[in-house]
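Q: Here it is: the structure, laid out below.
The values are calculated or read from the model by the stated rules, or taken from the named source; none is laboratory data. Not measured: the values here are computed from a predicted model. Neighbour counts are summed over all protein chains in view; Cβ atoms, including those assigned to glycine, are modelled from backbone coordinates with ideal geometry. Please note that ligands, DNA and RNA were not included when accessible areas were found on the heavy atoms of the full protein model with its side chains. Shrake-Rupley method; radii C 1.70, N 1.55, O 1.52, S 1.80 Å.
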Amino acid sequence: MSAVRQSLVIVGAGPRGTGVLERIAANARADEGELALDVHLVDPFPPGGGRIWRQEQSPLLWMNSQARDVTMFTDETVEVAGPVVPGPVLHEWAGIDGREFADRRRQGGYLRWVYEKAVAALPAGVVVHHHACRAVRLSGPRHERQQVWLEGRARPLLADAVLLTQGHLDAELDDEQRELSAYAERHGLVHLPPDFTADADLSVLAPGQDVLVRGFGLAFVDLMVLLTEGRGGRYEADGTYVPSGREPVLYVGSRRGVPYHSKIGYEWGAAPDPAGPEPGAGPQPETGAERGGWVDVAPRPDLPRFLGPAQVDELLALKGEFDFRRDLWPLIAKELGYAHYHRLFSAHPERTAVAWDVFEEKYAAAAPLGADLDALVGAAVPDPADRLDLTALDRPLDGVRYATHEELQEGLRGYITDDLERRHDPGHSPDLAVFLGLLSVYGQIVRLGDIGPWWHGFFSYLASGPPGPRLRQLLALSRAGVVKFVGADLRVTAEDGVFRATSATVPGARIETRALVEARLPQPTLARTRDRLLRALHEDGARATPAGLLAVDQADGRILDRDGTAHPRRFALGPHTDARGAGAFTRPRTNSPSFRQNDATARAVLTLLRDLSRRATAA
């Protein structure tokens with residue numbers, strides 16, 4: 001008897017939905033049982049890239065990772081129950097230098113190809129349908145077929161299982177943003193609330209207009225690019241920026257007051273050769289083959305060491321009652337410290353005062369944070385510049401004061417220049433070890449679900465900053481007077497018919513503008529999302545975390561009701577959930593959490609569908 005035909009609806013056909021579809025194809029082909037299935041992809045944007053990575057956007061916008069660090073395919077490092085199906089990394093597919101920061105349109109092409117490859121790999125009994133519209137409501141009894149209602153359609157799609165992978169979402173304004181927008185409307189000002197920069201209407205920012213920008217992360221970088229090169233400006237061979245005359249003047253500040261740290265511009269294994277350049281000699285070529293005078297001398301740190309599965313299990317046993325600062329942050333700090341000092345002692349032993357085995361034994365025995373650990377490091381690492389200070393890294397302008405805004409410009413240009421040099425100098429290779437530690441930590445704590453927003457911001461600031469060339473462009477724009485720095489602890493008020501900004505970095509000074517841009521993404525909370533389906537889901541009883549994310553079972557992505565019960569037919573993955581701990585695509589050979597999530601959810605969906613099919617056939 002042939003299998004009963006079933007239906008799976010996936011809402012969101014971007015990289016996360018595509019990744020799960022690839023895992024469905026891999027697992028379905030590995031199972032010899034017949035599968036008769038209609039897969040309905042619901043997304044107004046083209047499958048593969050979805051909204052964020054669609055190919056129809058400015059070619060000036062880059063990916064934030066080198067092409068060799070972006071893959072949609074599993075490899076032998078990924079711990080999945082399903083089959084590993086290798087595939088090309090972005091640079092291999094595109095035929096480009098792996099160190100290139102590809103533009104987002106090219107990444108969109110890669111994602112479209114991955115999607116088409118996944119569809120082609122599905123068993124013969126599986127048919128994929130794309131609905132170029134939005135899903136607005138999800139209904140149906142827990143143990144019966146679900147109904148997915150589409151915008152502009154009178155009849156719903158019937159689904160034996162539903163997977164929500166909408167990705168990054170728009171949000172309604174919070175109280176502060178509503179007040180600022182209303183103030184702007186009353187006084188004839190411009191206010192652009194949090195949004196995806198590529199979709200924002202930047203035409204309202206006039207040439208030469210002073211614009212206050214709150215946010216110094218990746219959204220700011222996109223804004224900077226679109227309002228400079230995007231308006232006809234250009235960079236000379238010497239790095240000088242030549243304005244077109246159509247640029248506004250951007251006054252940028254934030255909580256930290258500095259941009260995210262530059263991407264690291266060298267590979268693992270770079271370390272000083274006595275016959276070659278000295279540490280601190282400035283940027284060196286970026287590949288081992290080209291880096292004359294730099295040789296491999298040190299192994300990678302063995303991670304995880306102090307924050308691994310056992311420690312996460314202990315935190316999970318507290319059933320959500322753990323405190324981030326008290327229980328988790330000390331473990332994170334010790335893990336990052338271990339990565340840092342392992343690299344320092346093995347690659348730069350001349351900058352240490354004791355043997356590594358002696359230090360390692362005492363480090364392992366010391367409490368994660370406290371005087372004993374500080375004393376150990378102080379005695380073993382003579383130069384304070386070689387010690388890891390996470391607090392100083394997080395808040396580099398704390399206590400720093402400038403008398404005038406002009407002095408601040410020089411000071412910040414010096415800070416950014418120093419950061420660029422350091423992040424391209426293998427003499428500071430413990431920075432790369434800390435980066436690897438951050439990846440390891442992220443891969444572990446994804447199992448904890450929603451741990452609050454601070455960690456994600458800290459991770460992005462240290463590990464997911466802009467490519468070095470973007471910061472060099474920022475320096476050029478600063479020298480040209482197109483970008484001006486405001487400082488840290490930025491405070492924005494709306495009064496006297498203008499937007500007013502003050503900063504602790506320049507006491508007593510203030511900036512006044514008639515335009516304000518919030519350079520950050522909307523927060524993906526269920527209460528404020530503009531996604532009608534998710535809001536209705538929350539109102540109907542889906543559980544939200546304290547941070548407002550959709551709560552799911554970390555084992556397989558099943559959506560949790562308010563009482564903690566997992567829904568048998570509804571699944572969700574992505575930044576709107578507390579399984580958001582990893583991106584939709586990842587660095588090769590890093591045992592990606594996103595791949596592990598995709599595989600677990602795909603297998604759970606397939607198990608559900610096969611069970612339902614057997615029951616229907618038996619009946």
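Q: Quick one: in the range 350-382, which of the residues that are over 33 Å from the mean Cα position of the chain (by Cα) and among the acidic types (D, E) is least open to solvent (accessible area, probe 1.4 Å)?
A: This residue is D357.
Q: Tell me yes or no: at least one residue of the range 437-450 is among the basic types (K, R), over 19 Å from E176 (Cβ atoms) and at pLDDT 95 or above.
A: Checking the range 437-450: not a single residue is among the basic types (K, R), over 19 Å from E176 (Cβ atoms) and at pLDDT 95 or above.
Q: Within the range 476-493, is there a residue that is over 30 Å from P546 (Cβ atoms), part of a loop (DSSP other than H, G, I, E, B) and in contact with a helix residue (DSSP H, G or I) (Cβ under 8 Å, 6 or more places away or on another chain)?
A: No, the range 476-493 contains no residue that is over 30 Å from P546 (Cβ atoms), part of a loop (DSSP other than H, G, I, E, B) and in contact with a helix residue (DSSP H, G or I) (Cβ under 8 Å, 6 or more places away or on another chain).
Q: Restricting to the range 406-447, name every residue that is farther than 22 Å from R395 by Cβ and either assigned to a loop (DSSP other than H, G, I, E, B) or hydroxyl-bearing (S, T, Y) (or both).
A: Correct list: H424, D425, S429, S440.
The rows are residues; the columns are (1) open to solvent by less than 10 Å² (accessible area, probe 1.4 Å); (2) not aromatic (F, W, Y).
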site: L448; (1), (2): no, yes
site: W455; (1), (2): yes, no
site: V486; (1), (2): yes, yes
site: R520; (1), (2): no, yes
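Q: OK, next. Give R596, R614, R580 a once-over and let me know the one that is modelled with pLDDT under 90 and either open to solvent by less than 30 Å² (accessible area, probe 1.4 Å) or within 22 Å of the chain's Cα centre (by Cα) (or both).
A: R580
Q: Taking the range 81-108 as the region of interest, how many residues are of a type in the set (G, A, S) and surrounded by fewer than 18 Cβ atoms within 10 Å (Cβ to Cβ)?
A: Selection size over the range 81-108: 4.
Q: Also, quick follow-up: Tell me, which helices (runs of 4 or more DSSP H) lie completely within the range 87-199 with 3 or more residues that are free of Cβ contacts under 8 Å to residues at least 24 places away in the same chain and of a type outside the set (A, V, I, L, M, F, W, C)?
A: Because the criterion is at least 3 residues that are free of Cβ contacts under 8 Å to residues at least 24 places away in the same chain and of a type outside the set (A, V, I, L, M, F, W, C), the helices (runs of 4 or more DSSP H) in the range 87-199 that meet it are 175-187.
Q: Now for a separate question. Can you spot a residue in the range 346-353 that is over 29 Å from A488 (Cβ atoms) and polar (S, T, N, Q)?
A: yes
Q: Same structure again: Working carefully through the options V211, V242, V225, find the one that is more than 21 Å from V258 (Cα to Cα) and of a type in the set (V, I, T).
A: V242
Q: Can you say whether G497 is under 26 Å from S262 (Cβ atoms), at pLDDT 95 or above and out of contact with any Asp or Glu (no Cβ under 7 Å at 6 or more places or on another chain), as far as the supplied structure shows?
A: No.
Q: Also, I was wondering about something else. Just one of the numbered conditions (1) without any contact (Cβ under 8 Å) to a residue 60 or more places away in the chain; (2) under 21 Å from L164 (Cβ atoms); (3) surrounded by fewer than 16 Cβ atoms within 10 Å (Cβ to Cβ) is not true of W53; which one?
A: Only one criterion is unmet by W53, namely (3).
Q: While we're on this one: Of the conditions (1) in contact (Cβ under 8 Å) with a residue 40 or more places away in the chain; (2) not in a strand (DSSP E or B), A527 fails just one. Which one is it?
A: Result: A527 passes all but (1).
Q: Checking the structure you have, find out if any residue of the range 30-49 is modelled with pLDDT under 95 and buried (at least 23 other Cβ atoms within 10 Å of the Cβ).
A: yes
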